[in-house]
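Working notes for the structure below.
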Amino acid sequence: MNANSSWHFVYIDACESAVRNLWSTALGIKGTGSGTSFVGWNNSITADTSYQFNVFFWSKIGKESVYQAVLDAIAATLAAGRADCNPSFSGDPNYYGWAW
């Protein structure tokens, strides 16, 4: 990967991986129309919350945009009683996560 390229879809399932957008910036994630997206966590999370979010999130990928999958997974995870669910999305809200 050179300085002008970027990753298409990155999900870092680790505590505070989205804080200050450091990872998304370093990986070249851009905004609307870019066909790129990044998902990470804004906070420290428990393994149970991560698991619950992932069950909902990955079941949506390929069926709706990555952004919408994040929103739906947040709602479902909070409804399941996991109050520490606070992931972050950066990138193109219309991107479905498909390789190009």
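The values are calculated or read from the model by the stated rules, or taken from the named source; none is laboratory data. Fair warning: this is a prediction, and the values are worked out from it, not measured in the lab. With ideal geometry, Cβ positions are generated from the backbone for all residues, glycine too; neighbour counts draw on all protein chains shown. Just the protein is used for accessible areas: all its heavy atoms, side chains included, with ligands, DNA and RNA removed. Shrake-Rupley method; radii C 1.70, N 1.55, O 1.52, S 1.80 Å.
Restricting to the range 49-64, name every residue that is open to solvent by 50 Å² or more (accessible area, probe 1.4 Å), over 11 Å from the mean Cα position of the chain (by Cα) and under 16 Å from Ser37 (Cβ atoms).
Lys60, Lys63
Inside the range 26-48, can you point out the residues that are open to solvent by 50 Å² or more (accessible area, probe 1.4 Å), in contact (Cβ under 8 Å) with a residue 40 or more places away in the chain and either part of a strand (DSSP E or B) or farther than 18 Å from Pro93 by Cβ (or both)?
Of everything in the range 26-48, just one residue is open to solvent by 50 Å² or more (accessible area, probe 1.4 Å), in contact (Cβ under 8 Å) with a residue 40 or more places away in the chain and either part of a strand (DSSP E or B) or farther than 18 Å from Pro93 by Cβ (or both), namely Ser44.
Just the residues that are over 20 Å from Cys15 (Cβ atoms), loosely packed, with under 14 Cβ neighbours inside 10 Å and modelled with pLDDT of 95 or more, please, taken from the range 70-100.
Hits for the range 70-100 are Ala75, Ala79.
Identify the single condition in (1) modelled with pLDDT under 95; (2) assigned to a helix (DSSP H, G or I); (3) crowded, with 17+ Cβ neighbours inside 10 Å that Tyr67 does not satisfy, given that it satisfies every other one.
Unmet for Tyr67, out of (1) modelled with pLDDT under 95; (2) assigned to a helix (DSSP H, G or I); (3) crowded, with 17+ Cβ neighbours inside 10 Å: (1).
Suppose we keep only residues that are farther than 18 Å from Val70 by Cβ and among the polar types (S, T, N, Q) within the range 1-25. Which one would you say is surrounded by the most Cβ atoms within 10 Å (Cβ to Cβ)?
Applying the filter and picking the extreme gives Ser6.
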